[in-house]
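The values are calculated or read from the model by the stated rules, or taken from the named source; none is laboratory data. Owing to the predicted nature of the structure, the values given are computational and were not obtained by experimental measurement. Cβ coordinates were reconstructed from backbone atoms using ideal geometry, including for glycine residues, and neighbour counts include every protein chain displayed.
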Amino acid sequence: MSVNEPSAADLDLAKQVRGLLPRLGRLWSQTLREAGGPSIVRVRLLAVLSDKGPSRAGELASFCGATPSTVTELIDGLVSEGQVSREDDPRDRRAVVLALTDRGRAELRRVEDLMTSTLLRSLEGLSGAQRSRLRIALTDLNEILSGPAAQKESRLVR
């Protein structure tokens, strides 16, 4: 095996992590649907605005992996509901940026609380030792995924 080739155990680990993504997505979708909540893309827009601050629609489309027309339609709805506001772009008088309002922050908190409750129910079956191992593993994974490579990719999108 060459130095750059992953071991069978590492390949299996990567597949396990990758396999969690669709499961978490389905759980999130189901939770939102049952609570009469917004779509995942709407929540993602609110979360990006919360994390990144005021942004242009094209930036939001890139961060959310959605088409500009989809984002424009969703933003129009969020603006009409008072969750997002349009503001003059301080860097370019011809452009506008979108900003999260207090109502949008409250909606994002509500959705995050719903998902947290759902995840807590899912974790109830784990023993203390299992929770401890999971906490350590997720902390490690979060650090790796938040490292310089992830930050570099995030800067490229803007």
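Observations, loosely collected:
- Options Gly82, Gly77; residue that is part of a loop (DSSP other than H, G, I, E, B) and at pLDDT 90 or above: Gly82
- Arg26 vs. criteria farther than 20 Å from Asp76 by Cβ and either assigned to a helix (DSSP H, G or I) or free of Cβ contacts under 8 Å to residues at least 60 places away in the same chain (or both): yes
- Candidates Leu114, Leu98, Leu108, Leu141: the one that is assigned to a strand (DSSP E or B), in contact (Cβ under 8 Å) with a residue 40 or more places away in the chain and not β-branched (Val, Ile, Thr) is Leu98.
- Every residue from region 29-44 that is farther than 16 Å from Thr116 by Cβ and in contact (Cβ under 8 Å) with a residue 60 or more places away in the chain: Pro38
- Test: residue in region 67-74 that is part of a helix (DSSP H, G or I), in contact (Cβ under 8 Å) with a residue 40 or more places away in the chain and within 19 Å of the chain's Cα centre (by Cα): no
- Residue within region 68-82 that is closer than 30 Å to Ser122 by Cα, surrounded by 14 or more Cβ atoms within 10 Å (Cβ to Cβ) and touching a strand residue (DSSP E or B) at 6+ places or on another chain (Cβ under 8 Å) present: no
- Region 119-130, residues that are surrounded by 12 or more Cβ atoms within 10 Å (Cβ to Cβ) and at pLDDT 95 or above: Leu126
- Residues in region 93-102 include at least one that is exposed (fewer than 14 other Cβ atoms within 10 Å of the Cβ), under 20 Å from the mean Cα position of the chain (by Cα) and over 25 Å from Leu24 (Cβ atoms).
- Residues that are in a helix (DSSP H, G or I), closer than 15 Å to Glu107 by Cα and of a type in the set (Ser, Thr, Tyr) within region 29-49 comprise just one, Thr31.
So that you can scan it fast, the table gives a plain yes or no per residue for (1) surrounded by 10 or more Cβ atoms within 10 Å (Cβ to Cβ); (2) in contact with a Leu (Cβ under 9 Å, 6 or more places away or on another chain); (3) at pLDDT 90 or above:
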{"position": "Val3", "(1), (2), (3)": "no, no, no"}
{"position": "Asp10", "(1), (2), (3)": "yes, no, yes"}
{"position": "Ala14", "(1), (2), (3)": "yes, no, yes"}
{"position": "Leu32", "(1), (2), (3)": "yes, yes, yes"}
{"position": "Ser39", "(1), (2), (3)": "yes, yes, no"}
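- Within the set Ser62, Ser55, the sole residue that is within 17 Å of the chain's Cα centre (by Cα), hydroxyl-bearing (Ser, Thr, Tyr), surrounded by 14 or more Cβ atoms within 10 Å (Cβ to Cβ) and closer than 17 Å to Ile40 by Cα turns out to be Ser62.
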